[in-house]
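Following: one structure in structure tokens, then a few remarks.
The values are calculated or read from the model by the stated rules, or taken from the named source; none is laboratory data. Computed from a predicted model, the values in this text were never measured in an experiment. Cβ coordinates were reconstructed from backbone atoms using ideal geometry, including for glycine residues, and neighbour counts include every protein chain displayed. Heavy atoms of the whole protein, side chains included, go into the accessibility calculation; ligands, DNA and RNA do not. Shrake-Rupley method; radii C 1.70, N 1.55, O 1.52, S 1.80 Å.
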Amino acid sequence: GIPVAPGALPHYDGQYLRDGYYGISHGWSLVNASMQQSFRDSVSWMFHHARDDGIFPLSCHINGRCYIAENCDGSVHPTDTGCQDLDSAPFATLTAYHIWRSCASTSQRNTWYDQWGQLLDKSLNATTKMPGTTAVWSNASRPMVGYGFQDNEVKSGIVLFSNVLYWNASLGLAEMATQRGDHSMSQRLVANAASLRAYVSKQLWNEQTGVI
């Protein structure tokens, strides 16, 4: 969907989780039912490429290759849990949440949740946290921070954008779980989100200036 000059090579040759989320969530109401189904199909295609530990690729391409993170190749490190983008699980969850909210009936919502709810939860759980906390964390010894709005800029520690994104995604999945009657998952996600908010606020809030 990215315009290119006549005869020019397209810059994108696949699907990216982050860009897919923005395109689908903002473009959903602008397209017809057939394109909305294409959105669902493309998301399901990406979700089927999740790693065994639940980590989603940041992108999958028309040549069949998927990439787990900007700083490592999923085909080279297929089981390396340190190889991930911190934002992939939240962007995947928020995309699924948007499609879930757009379902025409409770039955359709249940089907969508039953298909992907457990995998989304697994992926959020597998996202790297600072030891002993619920805060999403990029290890300084091998930074694997998410794309955010800075793409390839290497950052380490507790990154605000990644944590806000994760908090928001946790509450979205909790809402999906509640509607399905999966109250144990919902309660756990809400509790984790509250703990995350409290911890990040404590670490990053500047009382003197009144800003994060």
Exercise. Output the residue which, of all residues in region 124-181 that are open to solvent by 10 Å² or more (accessible area, probe 1.4 Å), modelled with pLDDT of 90 or more and in contact with a Lys or Arg (Cβ under 7 Å, 6 or more places away or on another chain), is farthest from S195 (Cα to Cα).
Key: Q179
Quiz item: Of the residues that make up region 55-72, is at least one at pLDDT 90 or above, farther than 18 Å from Y166 by Cα and β-branched (V, I, T)?
Solution: no
Quiz item: For T106, are the conditions met, namely being within 26 Å of F39 (Cα to Cα), open to solvent by 10 Å² or more (accessible area, probe 1.4 Å) and touching a residue at least 40 places away in the same chain (Cβ under 8 Å)?
Solution: yes
